[in-house]
Amino acid sequence: MTESNKTSASKPRWNLYRIVLVAIPTLIPFAYFYANGKQNWTLTDLAIVAGLFVGYWTVVLLVATRVLRHRQSLQSVTLASPLIELPLNTELRAKLSAFAATKKQKLAVAAFELLDQEIPRFEQEDERDRARRDNEHLRQQAGQGAFLVAVTTEILKRLLLLSGAHEEDRQIWRSQISETAVRIVSDALDHREPLTEQTS
C-alpha cells in the first residue's frame with residue numbers, strides 16, 4: 001500500500017475521531033439549551049449538562065474498551081495463523097453447527113478441518129496443529145453473520161489460487177477468498193450430510 005493510499009484510508013478514521021471526541025461534546029450544551037429555548041443558565045441546567053457529558057463519555061469509553069479487547073484477542077491469533085472470514089447464511093450456518101455438534105467441535109475448528117481436508121496441500125503438521133489450536137481459542141463476536149477461521153499459510157495460498165484473486169487489491173481478494181472458502185465448506189457439508197444424518 002502506497003503512502004497516498006494510507007493517508008486517504010486514515011482520513012475517514014480521523015474524521016470519525018474528531019466527531020466523537022470534539023464535535024459531539026461541544027454540541028451537547030448548545031443542543032440542550034436550544035431544545036429548551038432557555039437563554040439563562042441555572043444550576044439545574046448545569047447539572048443536567050454535566051450528567052449528559054458523563055453519560056456520553058461513559059458510553060464512548062465502554063465502546064472503546066470493547067473494541068480494544070476484541071482487537072487484542074484477534075492480534076494474538078493473527079500473529080500465529082492467517083485469518084479468513086466465512087460469511088454464512090442461516091441454512092449453511094445450521095448445517096455447519098450440526099456437523100460441528102456431531103464432532104463436538106467449535107464452528108471455527110469444524111470449518112478449518114473441512115477446508116484442510118478438501119484443499120490439496122503440502123505443509124508441515126506443526127503448522128496445521130497450530131491453526132487448529134488457534135481456532136480452539138479464537139473468540140467470535142455474537143451474531144449470525146461472518147465469523148473468523150484461522151488457516152495455514154498453504155491453505156490461504158490455495159484459496160488465493162482457487163479464487164483467482166490478485167494480491168494488489170486486498171479488499172477484493174479477501175471477499176473472493178471468503179466466497180471460495182464458503183463454497184468449499186458448503187460442498188463438503190453436502191457430501192457429508194448422509195453420514196451426519198446416520199449418526200444423529
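Does residue 52 meet the test of being of a type outside the set (Val, Ile, Thr), surrounded by 11 or more Cβ atoms within 10 Å (Cβ to Cβ) and at pLDDT 85 or above? Criteria met by residue 52.
If only residues of the stretch 149-200 that are at pLDDT below 85 and not in a helix (DSSP H, G or I) are counted, the one that is farthest from the chain's Cα centre (by Cα) is 200.
Taken as a whole, the condition of being part of a loop (DSSP other than H, G, I, E, B) and either at pLDDT 85 or above or over 15 Å from residue 184 (Cα atoms) (or both) applies to residue 140. Under the condition of being buried (at least 22 other Cβ atoms within 10 Å of the Cβ) and under 18 Å from residue 187 (Cβ atoms), the residues counted in the stretch 99-117 number 6. I need the full set of residues from the stretch 72-81 which are buried (at least 17 other Cβ atoms within 10 Å of the Cβ) and either at pLDDT 85 or above or within 13 Å of the chain's Cα centre (by Cα) (or both), in order please. Correct list: 77 only.
Please specify each residue of the stretch 84-98 satisfying the condition of being under 14 Å from residue 135 (Cβ atoms) and either surrounded by fewer than 19 Cβ atoms within 10 Å (Cβ to Cβ) or free of Cβ contacts under 8 Å to residues at least 24 places away in the same chain (or both). Selection gives 85 alone. Residues in the stretch 93-133 that are under 16 Å from residue 158 (Cα atoms), out of contact with any strand residue (DSSP E or B) (no Cβ under 6 Å at 6 or more places or on another chain) and not aromatic (Phe, Trp, Tyr): 13 in all.
The values are calculated or read from the model by the stated rules, or taken from the named source; none is laboratory data. Every value quoted in this text rests on a predicted model; they were computed, and no experiment measured them. As a convention, Cβ positions derive from the backbone with ideal geometry for all residues, glycine included, and neighbour counts pool all protein chains shown.
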